[in-house]
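Participant: Structure incoming, see below.
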Amino acid sequence: MPESAPAFEDVNERAKEDWKRDTSPFDRVRSVMRTAYEPMSAATVAENALTSEQTARKHLRSLVEHGYVAETASPDSTGTLYQRSTDSLALEQARRILDETDTETLSTRVLEMREELREFGDRFGANSPDDAVRSQSNIDTETLLEWRTTRRNLAFAEVALALSAVENPTGAAEKV
């Protein structure tokens, strides 16, 4: 008679056990916050990070002090919520851009995006997509999204250029 197959193991539970064993509570809290798109309570962070609420609060305070996480008031005013800070998001995106693009190409793309934004402004007689919406109802959703996306991408690219200037203050040619 053949041996019975081993009991099916819950893959998600196994992954959680491995994550908990292989990482520190601080790293798990930071990981949870890195992927959080909405503000979260310390209790929710603790649950997702597989740690106690007290430990999560301790690490969240540290992340707030270092500018990685921002505190915000709960809508019902019963507690503090935590969310990824916009500064850390911008720096992470800038770092990613610099890892994928040389500064000369990035500088060229910044100029192109500035020109695209000027053209949007001229076309709709507005300084921003929000101004265009307020003054003109005939701007289509796709164009509005493209304008907003270009503005956001330009902001990230400019942060990346500023970061590259800090990293290379002499302006010496980059190694390729």
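Participant: Quick one: pull the percentage of alpha-carbon pairs in the stretch 54-158 with a separation above 22 Å. Could the numbers behind the result be given before it?
Facilitator: Details: 2947 of 5460 pairs.
Everything past 22 Å amounts to 54 percent.
Participant: Here's something else I'd like to know. Over its Cα atoms, what ratio of radius of gyration to 2.2 N^0.38 Å does the chain give? Mind showing how you got there, number by number?
Facilitator: Working: Rg = 22.9 Å, N = 176, 2.2 N^0.38 = 15.7 Å.
Computed over Cα atoms of the chain, the ratio equals 1.46.
Participant: Of the heavy-atom accessible surface of the stretch 55-176 (probe 1.4 angstrom), what whole percent is carbon and sulfur? Intermediate results must be reported in sequence, preceding the final value.
Facilitator: On the way: 4000 of 8120 Å².
The computed percentage sits at 49.
Participant: Still on this structure: So, with +1 on the Cβ of K and R and -1 on the Cβ of D and E, and no other charges, what is the size of the charge dipole of the stretch 1-109 about its Cα centre, to the nearest 20 debye?
Facilitator: The calculated dipole for the stretch 1-109 is roughly 340 debye.
Participant: Okay, next question. Can you check how the C-alpha radius of gyration of the stretch 29-107 compares to 2.2 N^0.38 Å, as a plain ratio?
Facilitator: Numbers: Rg = 15.0 Å, N = 79, 2.2 N^0.38 = 11.6 Å.
Taking N as the residue count of the stretch 29-107, the ratio is 1.30.
Participant: On alpha carbon coordinates alone, what is the Rg over Rh value for the stretch 95-143, Rh being the Kirkwood radius? All intermediate terms of the calculation are to be shown ahead of the outcome.
Facilitator: Working: Rg = 14.5 Å, Rh = 12.5 Å.
That ratio equals 1.16.
Participant: Separate question: After finding the eigenvalues of the alpha carbon gyration tensor for the stretch 18-61, what semi-axes result from the square roots of 5 times each, listed largest first in whole Å?
Facilitator: Details: eigenvalues 45, 27, 14 Å².
Largest first, the stretch 18-61 gives 15, 12, 8 Å.
Participant: If you don't mind, there's one more thing I want to ask. Just the number please: accessible area per residue for the stretch 16-72, 1.4 Å probe, all protein chains included, in Å². Working shown, then result.
Facilitator: Details: 3510 Å² over 57 residues.
Heavy-atom accessible area per residue stands at 62 Å².
Participant: Sequence-distant or interchain residues sharing an amide H contact under 5 Å with SER41, placed H: which?
Facilitator: Amide H neighbours of SER41: TYR82.
The values are calculated or read from the model by the stated rules, or taken from the named source; none is laboratory data. Note that this is a predicted model, so its numbers are computed, not measured. Note: ideal-geometry Cβ built from the backbone for every residue, glycine included; neighbour counts use all protein chains shown. Protein only, heavy atoms only, side chains kept; ligands, DNA and RNA dropped before computing areas. Shrake-Rupley method; radii C 1.70, N 1.55, O 1.52, S 1.80 Å.
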